[in-house]
Amino acid sequence: MKDAFDTQLQNNPDFPGLLTVIQGGAQGSGLPGSAEIRSLLHSLELAGGRIFLNPPAEAGLGTKNDGHNIYLDPNLLPPNATNAQLAAAAVAIDHELGHIIDGATHYQQAANPDEAAQRGLNSEGFADRDEYIAAKELGVPMDDPQLQSLIAGIDARDGGTSTDPNSQFSKDVVAAGANYASTDHPAPRP
Ligand SMILES: [Zn+2]
C-alpha cells in the first residue's frame, strides 16, 4: 500500500499517521481504517499510478488527478495533522482514486461529444460514490455536506452501500452524482 505513494510524500512527517488512519489502528485506538481506500490504493499500484504531494506554491488549488496519478493539495497535510485532518486527506485521495479506478472516462471511445460529456459526469458520480463510502468508513464528513446528505438518502433507501457497478446503490449514486455535477454549487471539487 505504501508504494502507491511517491517517495516525497512518504517522507512527509504526516505520512505515518496518514497510513495508520487508512489501515486502522490497534483495537481500542478509535481508528477504524477504510477497506474502500485500501482496495483502490491496491488497484492504483497495479495500474502503475502514484500519489504525489503538490509543491507549497500549489497549496489551496485542490487535489487533482490526470487519469493515472493523483496530486494531493499540501494544505491537506498541515504540520502535526490531527487524525480528523488525516482522514479528510485520505477521503480526498479516495475521490481521485474513484475517478481513476472506477470512473475511467475513456473519452476516446465515446461515439460523440454528448456521450463524452456524459462519461465525464458519470466519472464524477463514481468518484462521489467512493468518497462517500470512504468518509462513512472513517467517520468524517465529505467535502460537500449537501452531496453527502444526498448520497446518505440513497444509502438508506437502497439498503446500504456497494461498490458493485451494477448494484442499485451504484446506479442511483452515479446518476445522482452526475446530475449534481452538471449543476452549479459553491466551491465545486474537480
Ligand atoms: Zn471529482
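Karplus-derived 3J(HN,Hα) values for region 105-118, using 6.51 cos²θ - 1.76 cosθ + 1.60 with θ = phi - 60°, are 7, 6, 3, 5, 8, 5, 6, 7, x, 5, 5, 4, 5, 5 Hz; glycine and proline are entered as x.
In this structure, the amide hydrogen of residue 144, modeled 1.01 Å from its nitrogen in the peptide plane, lies closer than 5 angstrom to no residue at least 5 positions away or on a different chain.
Under a Gaussian network description of the chain, with springs only between Cα atoms under 10 Å, the residue in 131, 96, 58 that fluctuates furthest is 58. When each of the peptides 13-24, 84-95 is scored by the mean number of other C-beta atoms lying within 10 Å of its residues, the order from highest to lowest reads 84-95, 13-24.
With viscosity set to 1.306 mPa s and temperature to 10 °C, compute the Stokes-Einstein D of region 2-181, Rh being the Kirkwood radius across alpha carbon pairs; µm²/s, no decimals. The diffusion coefficient I find is 96 µm²/s. Electrostatic tally near residue 85: other residues with Cβ closer than 14 Å to its Cβ, Lys and Arg +1, Asp and Glu -1, net -3. Within the shell defined by Cβ-Cβ distances under 12 Å, the residues around residue 52 carry a net charge of -3, with Lys and Arg each +1 and Asp and Glu each -1.
Using every pair of separate Cα atoms, the Kirkwood estimate puts the hydrodynamic radius of region 1-95 at 13.4 angstrom. Comparing 12, 112, 65 in a Gaussian network model of the chain (Cα springs below 10 Å), the most mobile by mean-square fluctuation is 112.
Here's how it looks for residue 53: its modeled amide H is under 5 Å from those of 9, 72, which are all 5 or more places away or on a different chain.
So what's the net charge close to residue 155: Lys and Arg +1, Asp and Glu -1, counting the other residues with Cβ under 15 Å from its Cβ?
Once all neighbours under 15 Å are counted, the net charge is -4.
Close amide H partners of residue 77, meaning residues 5 or more places away or on another chain with modelled amide H under 5 Å apart, do not exist here. Derived scalar couplings between HN and Hα for region 38-51 equal 4, 5, 6, 5, 4, 5, 5, 4, 4, 7, x, x, 9, 10 Hz in order, rounded to whole Hz, by the Karplus curve 6.51 cos²θ - 1.76 cosθ + 1.60 (θ = phi - 60°), x for Gly and Pro. Stretched out straight at 0.36 nm per residue, the stretch from residue 82 to residue 152 would grow longer than its current Cα-Cα span by 22.7 nm. When each of the peptides 29-37, 101-109 is scored by how many other beta carbons lie within 10 Å of its residues on average, the order from highest to lowest is 29-37, 101-109. When the helices of the chain are scored as -39500 (n - 2.57) per DSSP H run of n ≥ 4 and the total is divided over every residue, the value at 222 nm lands at -16000 deg cm²/dmol. With θ taken as phi - 60° and the Karplus curve 6.51 cos²θ - 1.76 cosθ + 1.60 applied, the whole-hertz 3J(HN,Hα) list for region 75-84 is 4, 7, 10, x, x, 6, 4, 6, 4, 5 Hz, x standing for glycine and proline. When you restrict to C-alpha pairs under 8 Å that are six or more residues apart and normalise by the size of region 2-181, the relative contact order lands at 19 percent.
Laboratory data are not the source of any read-out in this text; all were calculated from the coordinates shown. No experiment lies behind these values; they were computed from the predicted model shown. In this analysis, Cβ positions are derived from the backbone assuming ideal geometry, glycine residues included, and neighbour counts consider all displayed protein chains.
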